[in-house]
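The values are calculated or read from the model by the stated rules, or taken from the named source; none is laboratory data. Here the structure is a predicted model, which is why all the values come from computation and not from measurement. Here Cβ is always computed from backbone atoms with ideal geometry, including for glycine, and neighbour counts include all displayed protein chains. Protein only, heavy atoms only, side chains kept; ligands, DNA and RNA dropped before computing areas. Shrake-Rupley method; radii C 1.70, N 1.55, O 1.52, S 1.80 Å.
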Amino acid sequence: MPQRRTSLPEWAVTRRRELGRRLGDARRAAGMSQEHLGDLIGVERRTIQRYESGTRDPRYTDLLLLADALGVDLADLVRE
C-alpha cells in the first residue's frame with residue numbers, strides 16, 4: 001500500500017482509535033473472537049487486531065461486513 005505524503009492529523013488518529021475500541025466492544029458483546037470475526041468477513045485475525053488497535057484503517061467494504069457480522073449499524077461504529 002502506498003505511503004502517505006504527510007502524517008495524519010491527531011484528530012484522525014484519535015477517531016481511528018475510537019473506531020477500533022467500538023469494534024472490539026461490539027465483537028466482545030457478540031461473544032466472538034478476533035479469529036472468528038476475521039473468518040466471517042474474510043480477513044486474517046491480525047487484520048482484526050490492527051483494526052481494533054487503531055493501527056490500520058478498515059476499507060469501506062470491510063466496515064460494511066464488520067457491521068453486518070456484529071449485528072450493529074455502520075453509523076454506530078463510525079459515529080463521532
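Cβ separations smaller than 7 Å between residues 6+ apart or across chains give the following pairs from segment 58-80 residues that are within 17 Å of Ala29 (Cα to Cα) to residues that are outside any helix (DSSP H, G or I) and open to solvent by 70 Å² or more (accessible area, probe 1.4 Å): Ala67/Asp73. Of all the criteria given as (1) open to solvent by less than 70 Å² (accessible area, probe 1.4 Å); (2) of a type outside the set (Phe, Trp, Tyr); (3) at pLDDT 95 or above; (4) on the phi < 0 side of the Ramachandran plot, the one not satisfied by Gly42 is (4).
Against the numbered list (1) open to solvent by less than 60 Å² (accessible area, probe 1.4 Å); (2) of a type in the set (A, V, I, L, M, F, W, C); (3) modelled with pLDDT of 95 or more, Ala12 comes up short only at (3). For Leu37, the stated conditions hold: it is at pLDDT 95 or above, in contact with a helix residue (DSSP H, G or I) (Cβ under 8 Å, 6 or more places away or on another chain) and surrounded by 18 or more Cβ atoms within 10 Å (Cβ to Cβ). Applying the condition of being acidic (Asp, Glu) and part of a helix (DSSP H, G or I) to segment 45-80 and asking which residue is most open to solvent (accessible area, probe 1.4 Å) yields Asp68.
Beta carbons closer than 9 Å, at least 6 apart along the sequence or on distinct chains, pair a first residue in segment 8-27 that is without any contact (Cβ under 8 Å) to a residue 40 or more places away in the chain and under 7 Å from Glu52 (Cα atoms) with a second that is in a helix (DSSP H, G or I) and of a type in the set (Phe, Trp, Tyr) for Gly20/Tyr51; Gly24/Tyr51.
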